[in-house]
Amino acid sequence: MNISYKSTRSDKKVTASQAILKGISDEGGLFVPSTFPQIELESIIHKSYKEICYSVLSKYLPEFQEDYLKDIINKAYNKFSVPQVAPVVSFGNHHLLELFHGPTLAFKDVALSILPYLMQISAKLQNVDDEIVILTATSGDTGKAALEGFTDVENTKIIVFYPSQGVSSIQKKQMTSQVGDNVYVLGIEGNFDDAQNGVKSIFNDKDFQEKLKSEKIILSSANSINIGRLLPQVVYYFSSYMELVQKGAIALHDSVNFTVPTGNFGDILAGYYAKRMGLPIHKLLCASNSNNVLYDFFKTGIYNKNREFIKTTSPSMDILISSNFERMLYHASDNDAELINDLMKELTNKGSYTVPEKMKSIISELFYGSYCDEESTAKVIGQVYEKHGYVLDPHTAVAYKVYEDYVKESSDERANIILSTASPFKFPEAVYEAIFEKKNVEVYELIDTLAQKTNLTIPEAIRKLKDAEVLHKKVISSHKMKEALGEILL
Ligand SMILES: *Cc1c(COP(=O)(O)O)cnc(C)c1O
């Protein structure tokens, strides 16, 4: 089967390597696969994570040679601290898919450990020898995972923009202490949406791109707008399903639900792709924090970002414009690029759009949306620790609560897998206060106490932060991102 890619805003076709290298299409659209390859469940029953990864990626990346692909999968996932890469932990009827055993302790590592390699191979396939500059907007976790993935990668620079007041103290220290000759970390005055809009508008600035091109520089993205971010995330939907089969929690071909703490809609969209590839998923439960734009959309069919941006204890989900939702709209509209153009124009101009009734009902069939406010997030962390001795991070707690809401509302008792997206040690203040009480001590002392009281081991990546030097102190206005980039590159 011949898979190609096209943008959500035009019908022009590109190859996988072109899509990965560009990150975003010339019209500002996102690349999507033209078809969904199928995975036969029987064929992956006894496979390891890496083998399942090869089964999935090889179908999406036909230009990539088998031995290269196997080699980079090995390199990427050898960086994880557990051999299963993404194990499922079960207690009661809860199954938690732990996606935080990579180098930076959040699920972003799953894709960003391999994306630099995918990009290097794509550049070779496209005969590109220009310098590749990776622009990244982050709500906290993508930034560090991208820095870690791209640091000291030849012929590449990585530039991260993060909301200087919108990430956790640990997330901030992780980024600002990053070493490497090709890394740049800039705080912005503004929130994640401002950072993401700034990056998108740089991509859409043709004159600027021309200028860079004449200096033999091309821009790409490490955000989940890059299809190379999404594809590796499809893998753990399959691997976790197979783990439940192995454990006897389900029989092969039983349908399951997944609950996904959602911000930019990348992680949950990978679940939708897994479903299209043949994984028996009944519903995808889309869990938002107090920034509940998607919850409102599932109820009304109206996407409306005109509202207060709320800073929460799950900062990686503090997002009002979920970029990957554009891909979902495209698939649900039966590939209607013209309609997507119109809707995205409305979003830019008015801050809202309404989808046709038919699209709304297609999307409502697939997803259940709910949200969890700050008070409930803390309560869930406390209750789960008390009842099961398991320490949830705030993002995962949001998902946990939404799953409980769903069961109450639907009485659907089929197996459900909650995506556990970050280590609790990335958010020690919020977690400690939720389980014990507020404690005003220095953050590393708090981490020590949290580890002692909960009997957890402090991950190495957190321990070494304490004495790490802050190397990146610059904070700029969100309107000055292009200028700052020019200063670095030109
Ligand atoms: C990024 C992130 C999310 C949200 O994932 P999206 O793909 O943006 O929807 C949830 N939890 C954590 C810990 C994250 O870092």
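The values are calculated or read from the model by the stated rules, or taken from the named source; none is laboratory data. The structure presented is a predicted model; accordingly, all values stated were derived computationally and were not measured. Quick reminder, even Gly has a Cβ in these numbers, built from the backbone with ideal geometry, and neighbours come from all protein chains shown. Surface areas here come from the heavy atoms of the whole protein model, side chains and all, with no ligands, DNA or RNA. Shrake-Rupley method; radii C 1.70, N 1.55, O 1.52, S 1.80 Å.
Relative contact order for region 128-200 using alpha-carbon pairs under 8 Å, separation at least 6, rounded to a whole percent?
36 percent
Computing the accessible area with a 1.4 Å probe over protein heavy atoms, can you report the carbon and sulfur percentage for region 328-477?
In region 328-477, the share of accessible area belonging to carbon and sulfur is 45 percent.
Inverting the mean 1/r over all pairs of different Cα atoms, compute the Kirkwood radius of region 225-318 and quote it in Å.
Hydrodynamic radius (Kirkwood, Cα pairs) of region 225-318 is 14.7 Å.
From the phi of every residue in region 313-320, what ³J(HN,Hα) in whole Hz does the Karplus formula 6.51 cos²θ - 1.76 cosθ + 1.60 yield, where θ is phi - 60° and glycine or proline is x?
7, 10, x, 5, 10, 7, 9, 9
So what is the accessible area of the chain per residue, in Å², with the probe set to 1.4 Å?
Per residue, the chain has an accessible area of 39 Å².
Expressed as a whole percentage, what fraction of the accessible surface of region 78-132 belongs to carbon and sulfur atoms when a 1.4 Å probe is rolled over the protein heavy atoms?
Roughly 52 percent of what the probe reaches on region 78-132 is carbon or sulfur.
Report, to the nearest whole %, how much of the accessible area of region 135-221 belongs to carbon and sulfur atoms, 1.4 Å probe, protein only.
Here it works out to 43 percent.
Along region 76-92, what does the Karplus equation 6.51 cos²θ - 1.76 cosθ + 1.60 (θ = phi - 60°) give for ³J(HN,Hα), rounded to whole Hz, x for Gly and Pro?
Calculated HN-Hα couplings, in order: 5, 8, 5, 6, 7, 8, 10, x, 6, 6, 9, x, 9, 9, 10, 8, x Hz.
Please check which bits of region 164-187 a label hung off residue 469 would reach, taking the label as a point 7 Å along Cα-to-C-beta and the cut-off as backbone N under 15 Å.
Counting backbone N atoms under 15 Å from the label point, the list is 176-181.
Jot down the radius of gyration and Dmax of the chain, Cα atoms only, both in angstrom.
21.1, 61
Just to verify a number: FRET efficiency for residue 409 and residue 247, C-beta to C-beta distance, R0 = 25 Å, to 0.05?
0.40
Once phi is turned into θ = phi - 60°, what whole-Hz ³J(HN,Hα) does the Karplus curve with 6.51, -1.76 and 1.60 give for every residue of region 274-287, x standing for Gly and Pro?
Once θ is set to phi - 60°, the couplings for region 274-287 become 4, 4, 5, 8, x, 6, x, 9, 7, 10, 9, 9, 9, 9 Hz.
Viscosity 0.890 mPa s, temperature 25 °C: Stokes-Einstein D of region 123-198 from its Kirkwood Cα radius, in µm² per second?
Roughly 192 µm²/s, to the nearest whole number.
Counting only residues 5 or more places away or on other chains, whose amide H sits under 5 Å from the amide H of residue 90 once H atoms are built in the peptide plane?
96
What is region 353-490 by shape, rounded, prolate or oblate, if you read a ≥ b ≥ c off the alpha carbon gyration tensor as root eigenvalues and call it rounded for a/c under 1.5, prolate for a/b larger than b/c, and oblate otherwise?
oblate
Just check region 202-361 against the gyration tensor rule for me: Cα atoms, a ≥ b ≥ c as the square roots of the eigenvalues, rounded for a/c under 1.5, and otherwise prolate or oblate depending on whether a/b exceeds b/c.
Prolate, since a/c reaches 1.5 and a/b exceeds b/c.
Test of the criteria: in region 138-215, which GluC sites (Glu not before Pro) are in a DSSP loop and have at most 13 other Cβ atoms within 10 angstrom of their Cβ?
154, 215
With a cut-off of 8 Å between alpha carbons and a minimum separation of six or more residues, what is the relative contact order of the chain in percent?
Across the chain, relative contact order equals 18 percent.
Taking region 12-108, which GluC sites (Glu not before Pro) meet the DSSP loop condition and have no more than 10 other C-beta atoms within 10 Å?
Passing sites in region 12-108 are 40.
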